[in-house]
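Read through the structure below, which is laid out as structure tokens, and then see the notes.
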Amino acid sequence: MIKGLTVVKPVASAAGWERLSSLFAELGFEPGKGWDDGGGKGASFVAPVGNAEFVTGRLPAVPELLVECTQLDIVHGIVKRWLSAEARTEEVDARLSSVEATHWKSRMFTVALSDGLVFGFWEREDVLAGLPVAV
């Protein structure tokens, strides 16, 4: 019955929308079906796998939007290069964290792409975790 899950986040300006769209294209997200109704427009970016996670009790100290990836250090470099073209050097350091180990056997960095739009990019320490064992 379920086909997919979409998270919709506002972007402050058309220029910001264009810049974020270029970043997600460069990171390798599959372009989805966008829309333009004359009053607004959306760009859709599709990942091969997604999930919704609900939490009771203490929320984890992670952004609302998490992107699991491989080659996290390369992804960090792409985001840093993109952000460096968008912001002053001192802003880059304030908006982009370094890659750090988590308590959940992963590594992660966060980036404030625009006001209120914070993403976490993460990679499992064991890149084979969750994959079927070969026979």
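Extension gain for the segment Ser13 to Trp35, taken as residue separation times 0.36 nm less the Cα-Cα distance, is 6.3 nm to one decimal. Each of (i) 59, 32, 27; (ii) 52, 45, 35; (iii) 48, 35, 21 is a candidate for Cα extents along the principal axes in Å; the one calculated from this structure is (ii). Mean residue ellipticity at 222 nm, helices only, the chain: -8000 deg cm²/dmol; runs of at least 4 DSSP H residues each add -39,500 (n - 2.57), and the sum is divided by the number of residues. Which listed residue (Gly34, Thr56, Leu96) has the Cα farthest towards the positive end of the charge dipole for the stretch 14-124, taking +1 on Lys and Arg C-beta and -1 on Asp and Glu C-beta about the Cα centre? Of Gly34, Thr56, Leu96, it is Thr56. Among the trypsin sites (Lys or Arg not before Pro) in the stretch 24-67, those located in a DSSP loop and surrounded by at most 13 other Cβ atoms within 10 Å of their own Cβ are Lys33, Arg58.
Across the stretch 67-81, computed HN-Hα scalar couplings (Karplus, 6.51 cos²θ - 1.76 cosθ + 1.60, θ = phi - 60°) run 10, 7, 9, 10, 6, 4, 5, 5, 4, 4, x, 5, 5, 5, 4 Hz from first to last residue, x flagging Gly and Pro. For the chain, a simple Cβ point-charge model (Lys and Arg +1, Asp and Glu -1, everything else neutral) yields a dipole of about 180 debye relative to the Cα centre.
In the stretch 14-124, a dipole from Cβ-located charges (positive for Lys and Arg, negative for Asp and Glu) runs towards its positive end, and of Ala43, Phe24, Gly120 it is Gly120 whose Cα lies farthest in that direction.
May I ask what percent, to the nearest 5, of DSSP beta bridges between residues of the chain are antiparallel?
Once the DSSP bridges in the chain are tallied, antiparallel ones form about 80 percent.
Here the spin labels are modelled as points 7 Å beyond Cα on the Cα-Cβ line, and at Ala25 and Ser97 they lie 3.0 nm apart.
Only the coordinates and a few stated rules stand behind these numbers; no lab work does. If you're wondering where the values come from, they're calculated on a predicted model, not measured in any experiment. Using ideal geometry, Cβ is built from the backbone for each residue, glycine included, and neighbour counts are taken over all protein chains shown.
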